[in-house]
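Quick notes on the structure that follows.
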Amino acid sequence: MSQYRTFSARDAVAYAQQFGGLDNPSELVDAQEVGDGNLNLVFKIFDTQGVSRIIVKQALPYVRCVGESWPLTLDRARLEAQTLVEHYQHSPQHTVKIHHFDPQLAVMVMEDLSDHKIWRGELINNVSYPQAAAQLGEYLAQVLFHTSDFYLHPHAKKALVAQFINPEMCEITEDLFFNDPYQVHERNKYPAALEAEVAALRDDAQLKLAVAALKHRFFSHAEALLHGDIHSGSIFVAEGRLKAIDAEFGYVGPIGFDIGTAIGNLLLNYCGLPGHLGIRDAASAREQRLTDIQTLWTTFAERFQALASEKTRDAALAQPGYASAFLKKVWTDAIGFCGTELIRRSVGLSHVADIDTIKDEAMRHACLRHAITLGKALIVIAERIDNVDELIARVRQYS
């Protein structure tokens, strides 16, 4: 911490010149801070032609939208860099490349993805990337299988758990997903018009029991090295390409959490589409989101199953039928975690542009209510939703 200083644009340029790996680093001459999240500074580094060539990212020692009253560990930068490096080993085509990392300055230098777009914005604008859902499923299957007990020797797996202990960032997840929305808390953020719906969450004993079970699984099921915050805002897309970024919440946890978070963000887009598009376009885009969810899960499950059949090293876990049984558990977990993502993004501190940018207030409130209702239902009935077709049927039921 003694060497830490908050970077200026000039600092970022100098750092990129030193560690960007370019043949002619003096070409890097300018920087623009473009971070739109709550935790980091993100600088695009430009050459003499005004072309962005490299990214410099620095963790801040506090939550940006709150200020120094909410301090954060700088070790999350190490965890993010090492998570992405580990994931890159198993899915280089779908993981951003880290060129350099400095734990003292909490700075990493990474590949520039300026020729990509953030998937969330493209979903809101109804821009289609037909391969994105399958690519996300492939990414999740590769990184979660290869960091799980199916693939790793028990000693290596336990070492991975120790390496990626991430208590402070996990505590944020634990609070925002499983605590805050179900109690009166100053971090919660929702329109006063939704008070009745939010109060109903606090008063629903069955719901809170199900949330408690999900939180306990998040605490205790060290199944694979998660991205930890895999949503449509942490994914870049281009024609035929997809890259995951922003893994500072990486830790070894339940596989269903990453799957559920990804599905939950597609459903948040589903809930918000009527506020952005006309009736016909919104209906068509909603059907595409349901297809995306089906493709995401099917690709993940089939690829994970294939990897398990080919590469499982543990004799017990290689027993025919076990990987399939395990995936059923992952699916049930994913539905529950999906529901908590829908609720926390509607009631808690951190919302999504899919709904928050809807200009018509009444429509925005209606979309929030839809997300809360759907999230609550999925949490409570997760164990009764046996497959992705049943999930899609339930989504239509609550639309």
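Just a few scattered comments:
- Search result, residues across the range 103-141 that are closer than 30 Å to Pro61 by Cα and without any contact (Cβ under 8 Å) to a residue 40 or more places away in the chain: Pro103
- Residue match in the range 80-92 (condition: out of contact with any Leu (no Cβ under 7 Å at 6 or more places or on another chain) and among the small types (Gly, Ala, Ser)): yes
- Matching option when the condition is farther than 22 Å from Ile172 by Cβ, aliphatic (A, V, I, L, M) and touching a strand residue (DSSP E or B) at 6+ places or on another chain (Cβ under 9 Å), among Leu79, Leu72, Leu113: Leu113
Results for (1) of a type in the set (Val, Ile, Thr); (2) within 10 Å of the chain's Cα centre (by Cα); (3) at pLDDT below 95; (4) over 21 Å from Glu138 (Cα atoms), shown as yes or no for each residue.
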position: Ile245; (1), (2), (3), (4): yes, yes, no, no
position: Phe249; (1), (2), (3), (4): no, yes, no, no
position: Phe257; (1), (2), (3), (4): no, yes, no, no
position: Ala262; (1), (2), (3), (4): no, yes, no, no
position: Asn265; (1), (2), (3), (4): no, yes, no, no
position: Leu268; (1), (2), (3), (4): no, no, no, yes
position: Leu273; (1), (2), (3), (4): no, no, no, yes
position: Asp281; (1), (2), (3), (4): no, no, no, yes
position: Ser284; (1), (2), (3), (4): no, no, no, yes
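- Qualifying residue in the range 251-274 (condition: of a type outside the set (A, V, I, L, M, F, W, C), farther than 18 Å from Leu342 by Cβ and open to solvent by 10 Å² or more (accessible area, probe 1.4 Å)): yes
- Looking at the range 308-399, the helices (runs of 4 or more DSSP H) lying wholly inside it that each contain 3 or more residues that are small (Gly, Ala, Ser), touching a residue at least 60 places away in the same chain (Cβ under 8 Å) and open to solvent by less than 30 Å² (accessible area, probe 1.4 Å) sit at 322-347.
- Unmet criterion (only one of (1) assigned to a helix (DSSP H, G or I); (2) touching a residue at least 12 places away in the same chain (Cβ under 8 Å)) for Val252: (1)
- Some residue of the range 19-34 being open to solvent by 20 Å² or more (accessible area, probe 1.4 Å) and under 30 Å from Gln131 (Cα atoms): yes
- Single residue of Ala366, Ala334 found to be of a type in the set (Gly, Ala, Ser) and either farther than 30 Å from Arg202 by Cβ or in contact with a helix residue (DSSP H, G or I) (Cβ under 6 Å, 6 or more places away or on another chain) (or both): Ala334
- Whichever residue in the range 60-69 is open to solvent by 50 Å² or more (accessible area, probe 1.4 Å) and in contact with a strand residue (DSSP E or B) (Cβ under 7 Å, 6 or more places away or on another chain) and, among such residues, is farthest from Val107 (Cα to Cα): Glu68
- In the range 35-45, residue nearest to Ala106 (Cα to Cα) [restricted to those that are in contact (Cβ under 8 Å) with a residue 12 or more places away in the chain and open to solvent by 30 Å² or more (accessible area, probe 1.4 Å)]: Val42
- Within the range 46-59, the residues that satisfy the criterion of being of a type outside the set (Gly, Ala, Ser), crowded, with 20+ Cβ neighbours inside 10 Å, over 17 Å from Gly233 (Cβ atoms) and in contact (Cβ under 8 Å) with a residue 40 or more places away in the chain are Ile54, Val56, Gln58.
- Where helices (runs of 4 or more DSSP H) sit wholly within the range 131-248, those with at least 3 residues that are surrounded by fewer than 21 Cβ atoms within 10 Å (Cβ to Cβ) and charged (D, E, K, R) occupy 195-203, 205-220.
- Contact annotation: residue pairs with Cβ atoms under 9 Å, 6 or more positions apart or on different chains, pairing a residue in the range 216-244 that is aromatic (Phe, Trp, Tyr) with a partner that is assigned to a strand (DSSP E or B), are Phe218/Gly253; Phe219/Gly253; Phe236/Lys117; Phe236/Ile118; Phe236/Leu242; Phe236/Lys243; Phe236/Ala244.
- Considering the conditions (1) open to solvent by 30 Å² or more (accessible area, probe 1.4 Å); (2) of a type outside the set (Asp, Glu); (3) in contact (Cβ under 8 Å) with a residue 60 or more places away in the chain; (4) over 18 Å from Phe249 (Cβ atoms), Gln82 is excluded by exactly one of them, (4).
- Condition check for Asp281: in contact with a strand residue (DSSP E or B) (Cβ under 8 Å, 6 or more places away or on another chain), in contact (Cβ under 8 Å) with a residue 60 or more places away in the chain, assigned to a helix (DSSP H, G or I) and not hydroxyl-bearing (Ser, Thr, Tyr): no
The values are calculated or read from the model by the stated rules, or taken from the named source; none is laboratory data. Bear in mind the structure is a predicted one, so any value in this text is a computation, not a measurement. Because the Cβ atoms are built from the backbone with ideal geometry, glycine has one as well, and the counts that use them run over all protein chains shown. Surface areas here come from the heavy atoms of the whole protein model, side chains and all, with no ligands, DNA or RNA. Shrake-Rupley method; radii C 1.70, N 1.55, O 1.52, S 1.80 Å.
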